[in-house]
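In what follows, a structure is listed as structure tokens, so that the remarks can point back to it.
The values are calculated or read from the model by the stated rules, or taken from the named source; none is laboratory data. It should be emphasised that the depicted structure is a prediction, and the values quoted were computed from it without experimental measurement. In this analysis, Cβ positions are derived from the backbone assuming ideal geometry, glycine residues included, and neighbour counts consider all displayed protein chains.
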Amino acid sequence: MDSRLRTTVLLAVLTALIVWLGGAIGGSNGMMFALVLAAVMNLGSYWFSDKIVLAMYRAQPLSESDAPQLYRIVRDLAHEAGLPTPRLYMIPEDTPNAFATGRNPENAVVAVTEGLWRLLTPDEIRGVLAHELGHVKNRDILVSSIAATLAGAVMILANMVRWGAIFGGFRGSDEDRGGGILELLVTAILAPVAATLIQLAISRSREYLADETGASLSHSPESLARALEKLSMASERIPMEDARPSTAHLFIVNPLSGRTLANLFSTHPPIEERIRRLRTMR
């Protein structure tokens with residue numbers, strides 16, 4: 001299935017989960033409440049997610065005089081992609097990594113760590129920046145924010161269902177729905193797991209698409225493949241201390257890859273498969 005179609009289907013399933021949980025809480029009124037909650041959360045994510053994530057990682061803005069080579073690369077790539085040149089930020093981290101954020105191409109930001117700048121060659125840096133601009137071009141930042149917000153709404157609603165079932169808040173409508181407390185508890189437990197798996201599937205799908213777009217923009221799939229090899233090995237040796245599971249999907253390689261438990265629910269597809277796909281591109 002095409003990555004864009006797969007993402008659309010998965011977002012639709014996430015929305016259906018929210019409506020389902022809303023129905024469990026209060027029938028048709030609960031469904032409406034659930035949709036309003038999701039809409040409010042999405043609005044907040046749309047306007048403020050970039051500011052939050054940049055502050056979270058203590059990213060500092062870079063001027064062109066600070067990093068002329070970096071600006072030259074990103075300006076060339078933005079021209080190739082038909083995009084405005086994004087703002088550049090530096091993250092004070094030794095772990096080599098990078099991410100893009102911002103609600104649209106006009107407000108996009110690309111952030112790189114100090115470790116990435118030291119580890120990679122100029123061609124490999126170009127491959128990484130092309131990947132991040134691929135996310136901007138494909139509107140992945142918005143898609144990922146929506147997926148994370150919808151998954152968050154599912155968690156909130158599932159908690160409401162769980163506590164309502166435990167304290168008997170929904171008993172009055174059990175006969176109408178033909179369900180019981182046990183059914184509600186199972187729903188409240190399984191829905192967040194399903195939402196998490198769907199969010200991860202969306203993230204993995206968009207990574208493949210950004211690799212493809214980035215390789216096309218840089219005209220060098222091999223440079224991006226080599227960069228991914230280096231970044232993956234470095235992240236396993238020195239995982240990013242400040243990295244959080246809620247924002248791991250933003251980075252070009254999983255910043256938690258050195259932590260065993262974090263690998264159980266990876267936001268990224270296998271690095272070997274990403275490299276294999278890149279090296280089969282012409």
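Per-residue answers, yes or no, for (1) surrounded by 23 or more Cβ atoms within 10 Å (Cβ to Cβ); (2) among the hydrophobic types (A, V, I, L, M, F, W, C):
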site: Met56; (1), (2): no, yes
site: Glu64; (1), (2): no, no
site: Val74; (1), (2): yes, yes
site: Tyr89; (1), (2): no, no
site: Arg103; (1), (2): no, no
site: Trp117; (1), (2): no, yes
site: Val143; (1), (2): no, yes
site: Leu157; (1), (2): yes, yes
site: Met160; (1), (2): no, yes
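Only one entry of Ala210, Ala195, Ala234 meets the criterion of being at pLDDT below 75, of a type in the set (A, V, I, L, M, F, W, C) and buried (at least 21 other Cβ atoms within 10 Å of the Cβ), and that entry is Ala195.
Looking across Leu70, Leu77, Leu116, one residue alone is in a helix (DSSP H, G or I) and in contact with a Phe, Trp or Tyr (Cβ under 9 Å, 6 or more places away or on another chain). It is Leu70.
Within segment 247-282, the set of residues being assigned to a loop (DSSP other than H, G, I, E, B), surrounded by 13 or more Cβ atoms within 10 Å (Cβ to Cβ) and either among the aromatic types (Phe, Trp, Tyr) or at pLDDT 80 or above (or both) comprises Ile252, Val253, Asn254, Pro255, Leu256, His268, Pro269, Met281. Answer yes or no as to whether Met31 is more than 25 Å from Asp211 (Cα to Cα), surrounded by fewer than 20 Cβ atoms within 10 Å (Cβ to Cβ) and touching a residue at least 24 places away in the same chain (Cβ under 8 Å). Taking the combined requirement at face value, the residue does not satisfy it.
Taking (1) in a helix (DSSP H, G or I); (2) more than 30 Å from Leu77 (Cα to Cα); (3) at pLDDT below 70 in turn, Gly179 satisfies each apart from (1).
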